[in-house]
Each structure stands twice: as structure tokens, then as C-alpha cells.
Amino acid sequence: MADTPIQAEMDVERQKLEADIVCIGFGPATAGFLIELSRHIGGEEGAPPLASRCQPGMPLQVLCYERAEDLGFGVSGVVTRARSIRESLPGLSPADIPLGAAVTSERMVYLLDPVGASRRSRTVRIGDRILRLAGGALGMRDDAWELPWIPGFLHKTGGWVLSMGQFMQWAGMRLMGSGLVQLWPGMPVSRAVLDGQRVVGVQLLDQGTDRQGRPSDGFLPGMEVRAELTVVGDGPVGSVGRQLDERFGRPSRSEAPSDWAVGMKMVVDLPENSPLAPGAVYHTFGYPEPEIFGFMYVHPDRVASLGIFVPSWLNSPVRTAYRCLQHWIQHPYLARRLEGARLRSWGAKTLQESGRRAEPFLVGDGFARIGEGSGSTNVLTGSGVDEAWATGAQLAAGVAELWRAGLPMSRDRLEAAYEQRRRSSWVEREARVAERSRDGFRRGIVRGMLGMALAGWTGGRLWWPGGSRSKPRPIESLESFYRGRLTPEEIDAERRRSQSQGLALHEVLMERAGWPPIPHDGRLLVSHQDALLLGGKVQAPPGYTDHVVYMDPGLCETCGSRLCIEVCSGQALRPGERGVPAFDREKCVHCGACLWSCTRTLPGRPERSNLDFRVGAGGLHSAEN
Amino acid sequence: MTSTGYNIVVCGGLAPDPLQSLEPAMGPSGPALKNEMMLPVVLDPWASHALYEAAHLAGRIPGSKVWLVSLGHRGKLQQMMMTVAQKVPFELVAIEGAAGGFTDPAETAAALAEAIRSIPGLDPARLLVWGGWESATRGAGVTMALVGERLGIQDQFQGVDEFKVQPDGSFRILERVEGGQHQVSICTGPPVLAGWATGSLPEPRNNPQIGMQNMRSVMPALQKARTAKVGAEGVRFDRITLPQQQRATRVVKDLSPDQIADEIIGWIRQP
């Protein structure tokens with residue numbers, strides 16, 4: 001069996017560094033924390049500046065380590081109400097941020113299946129037939145129906161369209177310009193350092209290793225950065241967050257995250273004659289599969305962000321977000337609006353969609369958790385950035401109070417200063433409404449949508465029950481999924497062919513099931529590899545260990561689905577020897593979808609999948625996402 | 001006692017991250033790159049080699065010190081420093097300049113030379129001025145030579161791949177010439193200007209301690225950066241072109257390195 005889940009400690013001498021606060025990851029939660037905290041460090045609003053405890057006479061020493069090679073690499077486009085951002089930065093206008101725009105219009109669009117290959121339930125097919133019959137009266141066009149209204153809980157009226165990459169760069173420059181905090185991209189944190197039950201800092205990833213993590217040319221052991229407070233904002237699949245979950249367990253009312261989605265998006269240049277106005281927002285559902293939601297946000301200067309969310313409850317054993325994305329942008333409703341557009345940037349990330357139900361311990365001795373990894377995402381309103389920023393800002397306000405009073409960063413103090421603030425805020429109120437809103441999707445798309453509506457309209461008092469959540473829903477077998485379209489013999493032949501050629505199964509199976517081949521045009525419809533290189537500019541620096549590890553390769557040999565390969569956003573996982581997937585670090589976009597798609601669990605540990613997704617270097621190299 | 005160390009000043013500007021797709025656009029002051037402010041930046045790759053070599057030399061000769069003189073948009077310089085400052089120890093001298101577009105190399109050289117002259121305590125007799133022999137962006141490959149002229153440095157070397165200090169204190173310098181050959185020169189000592197090609201050192205690992213140490217001078221240097229009026233006033237552009245990105249993707253397994261090399265050579269030779 002491979003190494004322990006968290007990178008093993010090597011018995012080497014490590015340099016040590018002292019700081020007051022160390023942050024893991026620079027996403028919207030950490031940006032909110034640092035922007036808010038920097039006001040206190042500098043002594044704004046008449047309060048005395050915050051002084052360092054580790055370097056007397058100096059201001060508070062705050063370090064933030066980001067895994068990606070620059071700030072804003074690998075995060076996504078967004079439409080947000082931006083309540084917390086505006087609260088932290090009064091007077092800020094979206095026009096101050098590159099690619100930012102105020103929301104000017106919102107549409108929710110149901111996409112019918114113009115191809116006939118989508119897997120639709122009987123109820124959905126009946127609904128589609130009615131829509132087609134009544135199409136003219138309802139204003140149907142391009143095989144799509146624009147809903148006449150959008151439920152209030154989904155509205156982003158008064159909100160902003162942002163490129164998260166550009167917003168993070170903007171926030172980072174503002175922070176660095178203040179001189180009050182230090183941001184270090186290209187520096188992954190491998191684990192939290194513990195002293196008993198107390199987190200006392202972080203250990204940075206070893207550099208100059210081979211793929212197995214053994215010392216190689218230019219070996220530089222990861223430094224230990226000791227700090228009184230460690231702020232964990234490493235996102236939905238962050239390895240430090242998972243390390244803390246393993247060490248401290250979960251609150252009794254919390255469950256392991258079980259609802260996920262991979263969000264894949266592209267940024268496109270629109271043609272000069274594009275009718276799309278800046279600030280226009282489109283939400284879609286119904287195609288290419290009924291369970292797949294889509295979005296398009298229009299930025300200034302004829303740029304748009306668009307993409308889809310492929311949820312974990314899409315019970316398909318052959319799913320690649322990229323292939324689905326290509327079919328989605330060819331839907332007549334979108335194709336008409338995107339005619340002449342050209343791919344500019346591309347990327348993917350995981351979304352943790354269990355929200356508050358999977359909330360971990362928010363604080364402990366010496367640490368606090370913020371953002372998506374802390375269960376802040378609101379799955380009913382489809383909002384994560386606003387909430388993540390808010391949790392960071394709430395922690396900053398609490399930490400400033402404690403620091404100023406000379407109090408320690410202990411669990412009980414952080415509970416009072418941060419957790420109670422969060423509990424009494426709109427983040428918690430709205431999260432409670434959303435908590436069970438998506439349960440119905442476990443019983444199908446129609447019941448899922450009805451469940452969301454029920455929860456939204458009743459303030460979370462009613463929802464559609466989704467059955468047991470204690471164990472993940474098993475993924476359907478290929479033979480069952482394609483029953484009536486492909487015989488088991490045909491599937492077996494394709495499986496053997498893909499294994500021998502080192503190819504994923506989905507391409508050939510989807511086409512055999514009726515999905516048309518992609519007519520690559522070199523502009524918007526490009527091969528997956530071209531999306532990686534031209535869009536995501538994906539690369540990985542040498543000298544780091546592999547971050548995708550199969551703990552027990554023997555389990556992979558008997559795995560029938562190998563969903564990790566089918567779901568991989570970057571074609572970084574491919575069929576390998578004896579059925580054990582081969583990992584190519586240079587193609588990984590660090591979306592983390594393989595982590596929650598692995599269907600094999602370790603013997604005696606049903607909560608642990610066989611695939612471990614550790615922290616790693618490299619990935620997307622575009623800040624336009 | 002007089003130090004035997006060197007004062008190594010490296011000149012290096014910003015370049016868009018080489019993985020980005022570049023597109024020409026017409027800005028208010030002439031040709032520029034579309035959305036240049038949104039593109040991630042790196043230290044110009046040629047100058048990066050010079051900086052790594054400078055730090056390596058300074059590490060071996062006690063009493064030596066490295067400065068990095070960089071002209072560019074202040075925000076972008078700050079962004080670049082988050083990465084570069086983790087690599088090797090140096091002190092930053094920042095000059096606020098244009099955010100994009102073309103600049104006249106003579107004006108750039110004048111600003112760089114003036115900044116070098118203004119470095120407190122710099123010993124001209126121990127001075128090594130290094131930089132890239134050309135720029136990965138819009139330089140004409142003459143900037144370093146003009147900097148040397150303005151500083152009165154007569155010993156100038158371009159396309160340098162190796163710079164060795166000999167036991168008698170003289171320098172043995174290898175410059176690139178045609179056909180993969182090097183010209184070997186012996187120079188008695190500083191001041192010397194070297195425009196580096198690639199050198200031989202790999203990119204150093206990110207070192208948080210070096211980053212912390214550098215940042216103590218980086219932020220003050222950015223805050224007090226003087227503005228230099230550099231641009232291309234009065235220049236008329238007949239034509240501009242960008243390097244064209246070409247891609248031909250094929251997935252092939254089990255080819256030997258020789259076969260792959262043959263394929264690449266064949267592809268390069270295509271008309």
C-alpha cells in the first residue's frame with residue numbers, strides 16, 4: 001500500500017520560520033480575511049495597530065501560501081451579490097476590477113435536447129413534448145424556453161459579474177501594495193504541523209523530489225512555518241482541511257461531504273457584432289443531460305465566461321465535463337449567441353455542494369477554517385464567493401479583537417470570536433434554509449427542482465426528501481447505463497480496446513449512444529489537449545512529487561468503472577498497466593474531481609477512497625478564469 | 001579593509017508569462033498587447049538567467065551583493081516580485097514605467113543607467129552590470145549595450161553563457177558565436193557589462209526564507225519607485241508582428257527519443 005494519506009514526514013532537518021498568522025490558500029475566503037485584517041494591522045479607524053508577538057516591535061506578521069504559481073490561477077468566473085465584498089470595500093465598483101460588470105439582466109433557460117442522445121426520464125420527456133407542442137405560445141425558440149420569471153432566491157439582482165482570476169489578482173495587488181501581509185504563490189502547503197491537539201503551523205511541500213517524493217536533484221525540504229494561528233482556506237478538496245478532519249473528526253451533526261460537482265468553464269472573446277451586453281447573466285438546465293446546469297456571464301469588452309456543472313449525482317459511469325461542455329455550447333440557443341466566438345481561457349474546479357451539512361469543526365486550538373472547505377457554499381442560491389469572503393472577514397474581525405486583547409488563539413476564544421459571529425450572520429441563516437434543498441436530486445431532476453423550490457419558498461421548512469445519505473449512491477454499471485443502446489459484448493469490446501490504446505471510454509461510448517462527433521473548428525470547439533494548452537496553459541514544474549496517488553493499486557485492478565479516468569478534467573488520468581490508472585502530473589488542472597469520483601474504498605475504512613488527492617504544484621496558468 | 005566582493009547590478013524587465021496567447025492591439029500611444037494588464041507576468045527570461053548567475057557568483061565571493069533594477073508598471077512589478085523574490089537574494093531598485101506598448105531602448109537605457117548611478121554606496125570599481133542579451137518582449141537587443149555606454153563601461157560582452165572569476169581576479173567569459181561555438185575572452189577585472197544568454201544554472205527552488213528577506217527591501221523600493229518617462233514618442237510604426245504560436249497535436253506512444261527528435265526536426269523544416 002502507498003504512503004499515508006498526508007505526505008509522510010521525512011526524517012530531514014527542516015528550516016523553521018516564525019510568523020504570527022499563516023494562511024493556506026489564496027481564494028476569496030482568504031482574500032476577505034486578509035483585506036479585513038490588514039485594516040486592523042494598519043490601525044485604521046482609530047484603533048492601535050496590531051503588533052507582532054513573535055517579532056516584538058514589528059507589526060503583525062502574516063504570511064499566506066498559495067499552491068498555484070500565481071494568484072488567481074485556477075479559480076472561476078462568477079456572478080455574485082457581492083454583499084460581503086462591498087461591506088469590506090465600501091465604494092468599490094465592479095468597474096474598478098478588470099472584467100467586472102454590474103448585472104444588467106438575468107435569464108433562466110430550459111434547454112431541450114436537439115440531438116436525442118440525452119438520458120431523460122419519462123416525466124422529462126413528457127414535459128419536453130408538451131413544450132414543443134405549445135412552443136409558439138410559450139415563446140420557445142432554438143429548442144429552448146426562457147422561463148418567464150426567476151425565483152427570488154436565485155436572483156442576483158444588483159450583483160456583479162466577475163472573473164475570479166482577475167478579482168483575486170486585483171485583491172492580491174491591493175494587499176501586497178499595503179505592505180502589511182505577504183502572499184507567496186507557487187508554494188504548496190503539504191500539511192498542518194500539530195503539537196498534541198494544537199495546530200502550531202504548517203509544513204511546506206518538499207521541492208527537488210522525484211515522482212514518489214524521494215529526494216532528488218536540488219532537494220529542498222519543505223520549511224516549517226510556525227504561527228500562533230493557522231487559517232485554513234484551502235478549498236473544497238484541500239489536503240490540510242482533510243488532514244484536520246481525519247485528526248479531529250467531525251461535529252456530531254455534520255456528515256462527510258457527499259454532494260459535489262465539477263465546474264468546467266471557458267472564457268471566450270465575442271465577435272464585434274455580438275448582441276450580448278455586459279452584465280447579462282444566463283442560467284441553463286436540461287442539456288446535455290437534465291442534471292447538468294450551465295451558465296454564461298458577459299463581461300465588458302466583448303468577453304464572456306461560460307460553462308457547466310456536472311454533479312456527483314449525475315449517475316453516469318461515462319462523464320467527462322469537457323465532452324459535455326462541447327455539446328452544451330453547440331445547443332442552438334447558445335450557438336446562436338456564440339457564433340464567431342473564440343476560446344481564450346479554460347479551466348475546471350470542484351464545488352463542494354453539501355454546504356452546511358458537511359461543515360467541519362470551524363475552529364480548534366491554533367486554527368480556524370474559512371470558505372468553501374468550511375461548508376460555507378449556499379447550494380440553494382448557487383452562491384459561494386460571497387459566503388466565502390464573508391467567513392474570512394468574520395474571522396478577521398474576531399482575530400483582531402483577540403489579538404488586541406492579548407488573548408490566545410485557543411479553541412474556546414476562536415469559537416466566541418469567529419464561530420459565534422458566523423452563526424449570527426446571514427451566512428448561517430441562509431445556509432440553514434439551503435441545507436436540505438437539494439436532497440430531492442437524489443431521486444431525479446424533477447423532484448430535485450421541486451425540492452429547491454419548496455425549500456426556497458418556505459424558508460427551508462419544506463424540502464423533497466432524498467433518502468439515506470449515509471453512504472454514497474453506487475454508480476451504475478456501464479452495462480446497466482447503456483441497456484437498450486449497447487450490448488454487454490459491445491461494451492466489453494470497447495473496454496478492451498480503450499485499455500489497449502490507453503484511451504478513456506467516454507468518447508467512443510457516447511458516440512455509440514447517439515452523441516454526434518465534435519466538429520472541431522480550432523476556435524471554440526478545440527480538442528481537449530488544445531483546451532489544456534491553449535486555454536488553461538497547463539504545466540507543472542519539475543521536482544515535485546505526484547499529488548494523485550492510488551493507495552492500494554490492487555483495488556484499481558478489480559475496479560469495473562474507473563470513474564476517475566472518465567471524470568478527469570485534463571486527461572491526466574489514463575488507463576495504465578494492469579488496470580491501474582496512470583497519472584500525468586503535467587496535465588492535471590487540480591480540479592480534484594478524481595478524489596470524490598473514486599468508487600473504491602480502503603478495506604475497513606469506508607470513508608476513505610482509494611485515490612488520495614494531495615497538494616501539488618503547477619496546474620492552470622491563466623488568470624482570466 | 002577594501003572588500004573584494006562585487007557589486008552586481010542586474011537589469012531585468014517584465015514579460016508576459018510565455019504560456020499566454022498574445023494578441024496585438026492599438027493603444028493610445030501606439031501598438032500594444034490586448035489586455036496586457038490582465039496577463040500574468042514573469043521576469044524577462046534572459047534577465048532571469050543573469051539574476052540566477054549573479055546570485056550564484058555573489059554566493060561564492062564574500063562581500064558581494066546583488067541589486068535587481070527593474071522598470072515597469074508598479075503593480076505588475078509587485079506581482080512579479082511575489083515569485084522572483086523567492087528565488088535568490090537581491091535588493092530591488094524599482095522604476096515606474098509604462099504598463100505596456102513599445103519603448104525606445106535609448107530612453108529605457110537612460111533610465112536604467114540613472115537608477116544604477118543612484119544606488120547608494122555602489123563601488124564603480126567593483127561593478128558588474130548584467131542583464132539579458134536581448135528581451136523576450138519588445139526589446140531590440142541593444143538596451144544593455146546602451147546602459148554600458150551611459151555608465152562608461154568599455155568591457156562589454158553579449159550572449160554570455162559563462163562568467164568565471166580566475167585565481168588572479170580576472171574574468172574568463174564565454175560569448176555565443178555562430179554554429180554553437182563560444183568566443184573565449186579574458187578580462188582583467190571590473191567594471192564589466194554582460195548581456196547573458198542562458199548560462200548554465202537551473203531555476204532555483206522557491207525558498208520562503210529568501211522571500212521574507214527580500215521582501216524587507218522590495219516593498220519600500222516599490223513605494224519609492226521614481227517614474228521614468230520612457231515610451232516611443234515620435235516613432236512611427238509601419239508594421240508589428242507577434243511570434244506565432246503553432247500547434248500540431250498528435251498522441252503517439254512508444255516512440256524512441258530519436259524518432260521523436262526526427263519528427264520535430266522534420267516539423268521545424270516544413271516550409
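Values in this text are rule-based calculations from the coordinates and carry no lab data. Not measured: the values here are computed from a predicted model. Glycine gets a Cβ as well: all are built from the backbone with ideal geometry, and neighbour counts include every protein chain shown.
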Tell me what chain A gives for mean residue ellipticity at 222 nm when only DSSP H runs of n ≥ 4 count, each as -39,500 (n - 2.57), the sum divided by the residue total, rounded to 500 deg cm²/dmol. -7500 deg cm²/dmol
Given the peptides A:406-414, A:230-238, arrange them by the average over their residues of other C-beta atoms within 10 Å, most packed first. A:230-238, A:406-414
Could you work out the helix-only [θ] at 222 nm for chain B, with each DSSP H run of four or more residues adding -39,500 (n - 2.57) and the total divided by the number of residues, to the nearest 500 deg cm²/dmol? -9000 deg cm²/dmol
Of all trypsin sites (Lys or Arg not before Pro) in region A:522-583, the ones in DSSP coil with at most 16 other Cβ atoms within 10 Å are A:Arg523
Sort B:232-240, A:388-396 by packing, meaning the average of other beta carbons within 10 Å per residue, with the highest value first. A:388-396, B:232-240
Those cysteines in chain A that have no second cysteine Cβ within a distance under 4.7 Å are A:Cys54, A:Cys324, A:Cys556, A:Cys559, A:Cys568, A:Cys588, A:Cys591, A:Cys598
Using Cβ contacts closer than 10 Å as the measure, can you line up B:Asp44, A:Asp96 from fewest to most? A:Asp96, B:Asp44
Over 23 Å, how big is the tail of the calculated P(r) for region A:86-234, in percent of all Cα pairs? 67
At 25 °C in a medium of viscosity 0.890 mPa s, chain B has a Stokes-Einstein diffusion coefficient, with Rh taken as the Kirkwood radius over alpha carbon pairs, in µm² per second, of 123
With all pairs of different alpha carbon atoms counted, what Kirkwood hydrodynamic radius in Å does region A:271-327 show? 12.6
By count of other Cβ within 10 Å, fewest leading, how are A:Leu620, A:Leu89, A:Leu71 ordered? A:Leu89, A:Leu71, A:Leu620
Treat every Asp and Glu Cβ in region B:7-227 as -1 and every Lys and Arg Cβ as +1, leave all other atoms uncharged, and give the resulting dipole magnitude about the Cα centre to the nearest 20 debye. 660
For region A:1-120, what's the relative contact order in percent, using C-alpha pairs closer than 8 Å and at least 6 residues apart? 22
Please give the direction-averaged projected area of the C-alpha convex hull for region A:503-557, in square nanometres with one decimal. 6.3
Nearest-0.05 FRET efficiency for A:Ser500 and B:Leu122, computed from C-beta distance (R0 51 Å): 0.20
Find how many whole Å separate the alpha carbon centroid of region A:471-514 from the alpha carbon centroid of region A:130-193. 34
Between region A:443-459 and region B:110-157, how many Å separate their Cα centres? 68
Set of lysines near A:Lys587 by C-alpha distance (under 22 Å), chain-local residues within fewer than 8 positions excluded: A:Lys265, A:Lys349, A:Lys537, B:Lys253
Inter-centroid distance (Cα atoms) of region A:312-332 relative to region A:551-578, Å: 19
Rel. contact order, % - alpha carbon contacts under 8 angstrom, at least six apart, chain A: 19
The protein assembly as shown - share of DSSP beta bridges that are antiparallel (%, nearest 5): 60
With viscosity set to 1.567 mPa s at 4 °C, what whole-number translational diffusion coefficient in µm²/s follows for the protein assembly as shown from Stokes-Einstein and a Kirkwood radius over Cα pairs? 45
For each pair in B:Lys65/B:Lys87; A:Lys16/B:Lys164; A:Lys16/B:Lys76, compute the distance between the two Cα atoms and list the pairs where it is over 22 Å. A:Lys16/B:Lys164; A:Lys16/B:Lys76
DSSP beta bridges in region B:7-227, what fraction antiparallel, as a percent rounded to 5? 40
Percent breakdown of C-alpha pair distances by 5 Å bin, ordered from the shortest bin, for region A:478-613: 2, 9, 17, 19, 20, 16, 11, 4, 1, 0
For A:Cys568, A:Cys559, what's the fewest-to-most ordering of other Cβ within 10 Å of each Cβ? A:Cys559, A:Cys568
Cα principal axis extents for region A:428-548, largest first, Å: 52, 44, 35
Filter the trypsin sites (Lys or Arg not before Pro) in region A:478-515 down to the DSSP loop ones having no more than 16 other Cβ atoms within 10 Å, then list what survives. A:Arg483, A:Arg485
If each of B:Arg269 and A:Asp195 carries a label point 7 Å out from its Cα toward its Cβ, how far apart are those two points in nm? 6.7
Of A:Gly347, A:Ser254, B:Trp67, which is farthest along the charge dipole of the protein assembly as shown in the positive direction, counting Lys and Arg as +1 and Asp and Glu as -1 at C-beta? A:Ser254
If the viscosity is 1.567 mPa s and the temperature 4 °C, what translational diffusion coefficient in µm²/s does Stokes-Einstein give for region B:47-154 when Rh comes from Kirkwood over Cα pairs? 89
What is chain B's relative contact order, in percent, from Cα pairs under 8 angstrom and six or more apart in sequence? 24
How big is region B:168-238 by Rg and Dmax over its Cα atoms, in Å? 19.6, 51
